[in-house]
C-alpha cells in the first residue's frame, strides 16, 4: 500500500525546511539530502515527460511546471527512531506544494512504520490518505 500525507483543507503545505525541522523535533533519527531530493524530482519530471510524449495518458502540464519550479528546493528525507532498523523507518521526497508520499518495501515494513507515519502526520498537522 502507499500512503500520502496531505495538508488539511484550507491549509498550505509546509516548506521542505519546516517539514525537516518538525521531523527533527519528533524523531530520534533524521537524515536528509538536498541532492537526492533534486534527483528524485528530476526523475519524476522525466517520467511525466515520457508519458506525455507517448500520448496515451494525459499529463497535467501545470503539475509538471510546478515540479520544474520546485525541484531546486526539494529534500529527500529518511527518519525513524532507530537508524539500524530494517523496517521501522520512513523515507520520502519533500517537494514544495506537494503531499508526502510513502511507499513500503513489504507488508512488514508497512506495519512497523505505521506508528511513525501517524506521528509524522501529527507533527506536520497533515491528514493520512491511503492510495
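No value in this document is a laboratory result; all are computed from the given coordinates. Owing to the predicted nature of the structure, the values given are computational and were not obtained by experimental measurement. With ideal geometry, Cβ positions are generated from the backbone for all residues, glycine too; neighbour counts draw on all protein chains shown.
Of 5, 90, 44, the sequence from fewest to most neighbouring Cβ atoms within 10 angstrom is 44, 5, 90. Only DSSP H runs of four or more residues enter the estimate; each adds -39500 (n - 2.57), and after division by the residues of the chain the mean residue ellipticity at 222 nm equals -15000 deg cm²/dmol.
With contacts taken as Cα pairs under 8 Å and at least 6 residues apart, the chain reaches a relative contact order of 41 percent. Diagonalising the gyration tensor over the Cα atoms of region 57-125 and scaling each eigenvalue by 5 before taking the square root yields semi-axes of 27, 14, 11 Å, largest first. This ranking places 92, 87 by how few other beta-carbon atoms lie within 10 Å of each, fewest first, which gives 87, 92. Relative to the longest principal axis of the Cα atoms of the chain, the long axis of helix 34-54 makes an angle of roughly 40 degrees. On full extension, the segment bounded by residue 91 and residue 60 gains 8.6 nm, given 0.36 nm per residue less the C-alpha separation. Nearest 10 degrees, 0 to 90: what angle lies between the long axis of helix 61-70 and the longest principal axis of the chain (Cα atoms)? For helix 61-70, the angle is close to 50 degrees. Potential lengthening of the chain between residue 84 and residue 33 amounts to 16.5 nm, from the contour at 0.36 nm per residue minus the alpha-carbon distance.
Computed from the Cβ-Cβ distance with R0 of 35 Å, the FRET efficiency linking residue 8 to residue 52 stands at 0.65.
How large is the Kirkwood hydrodynamic radius of the chain, counting all unique pairs of alpha carbons, in Å? After inverting the pairwise mean of 1/r, the radius is 15.4 Å.
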